[in-house]
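Have a look at the structure below, then the notes.
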Amino acid sequence: MTQFRCFPMDTQSAQRFRETGRDDRGGPVHRRAVDGPGFPCRHCLRLGQPGETMLLASWDLPAPIGPYWTPSPVFLHAHDCAAMIEQDRLPETVTENSIISLRHYDHAGMCLYDLGLVLPGHEAEAPLRERLADPRVAFVNIHTARPGCWLTRVERG
């Protein structure tokens, strides 16, 4: 069984958004009160809880670089939270999401179309492990399937 690690957005970006109120596209960071589902923090990889304040910002994903690069809207807690690396399990930001996409990339940052998959978050672990066993895969970005927002990066580990 292939082991893996799920990585959050970097702490430097999270702190920058909190301190400056500006996102990577130069726009304002939006403040939103959690009033229901759909507020996954990309820094601690936990869901925002009712009453918490979340920030919504455009973040320039660090990978892949090249033609498949993209910015992504991301939520994160307005208060400091610890960056979480999940070892050998998917974070609740993935498992509690009704539909996610697994986007696989090789070492050159090229998308491996034949491995891409859209499915409910709670069903993603087994297919993810299976695809990570493919030697072509360098990493996987998991996104929400409907709006396409980045949730976490996954690497073998």
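Of the chymotrypsin sites (Phe, Trp or Tyr not before Pro) found in segment 60-99, those in coil by DSSP whose Cβ has at most 15 other Cβ atoms within 10 Å are Tyr68, Trp69. Most simply put, segment 8-142 has about 95% antiparallel DSSP beta bridges, counting only bridges with both residues inside it.
Rolling a 1.4 Å probe over the heavy atoms of the protein chains gives the chain an accessible area of 49 Å² per residue. Using the average count of surrounding beta-carbon atoms within 10 Å as a protection proxy, the listed peptides 135-143, 30-38 rank, highest first, as 135-143, 30-38.
Starting from the Cα gyration tensor of segment 46-97, take the square roots of the eigenvalues, sort them a ≥ b ≥ c, and report rounded, prolate or oblate (rounded when a/c is under 1.5, otherwise prolate if a/b is larger than b/c, else oblate). Before the final figure, lay out each step's value.
Values: a/c = 2.14, a/b = 1.36, b/c = 1.57.
Oblate.
How much FRET efficiency would the formula 1/(1 + (r/R0)^6) give for Ala126 and Arg5, where r is the Cβ-Cβ distance and R0 is 22 Å, rounded to 0.05? Could you put the intermediate results ahead of the total?
Details: r = 17 Å, r/R0 = 0.77.
After rounding to 0.05, the efficiency reads 0.85.
Each part gets one Cα centre, and for segment 106-136 versus segment 2-76 those centres are 22 Å apart. The portion of the accessible surface of the chain made up by carbon and sulfur, rounded to a whole percent, is 53 (1.4 Å probe; DNA, RNA and ligands excluded). By the helix-only formula, in which each DSSP H run with n ≥ 4 contributes -39500 (n - 2.57) and the sum is divided by residues, the chain has a 222 nm mean residue ellipticity of -3500 deg cm²/dmol. Legend: translational diffusion of segment 10-82 by Stokes-Einstein, Rh = Kirkwood radius over C-alpha pairs, 10 °C, 1.306 mPa s; D = 127 µm²/s.
May I ask for the angle, rounded to the nearest 10°, between helix 11-20 and the longest principal axis of the chain, with both axes built from Cα atoms and the value confined to 0 to 90°? So the inclination is approximately 30 degrees.
Length gain on complete extension for the stretch Asp114 to Asp134, per 0.36 nm per residue less the alpha carbon to alpha carbon distance? Don't skip to the end; give the middle numbers.
Details: separation 20, 0.36 × 20 = 7.20 nm, distance 1.13 nm.
Once the chain is fully extended between Asp114 and Asp134, it gains 6.1 nm.
The values are calculated or read from the model by the stated rules, or taken from the named source; none is laboratory data. None of these values were measured; they are calculated from a predicted model. So basically every Cβ, Gly included, is an ideal-geometry build from the backbone, and we count neighbours across all protein chains shown. Accessible surface is based on the protein model in full, side chains and every heavy atom, while ligands, DNA and RNA are left aside. Shrake-Rupley method; radii C 1.70, N 1.55, O 1.52, S 1.80 Å.
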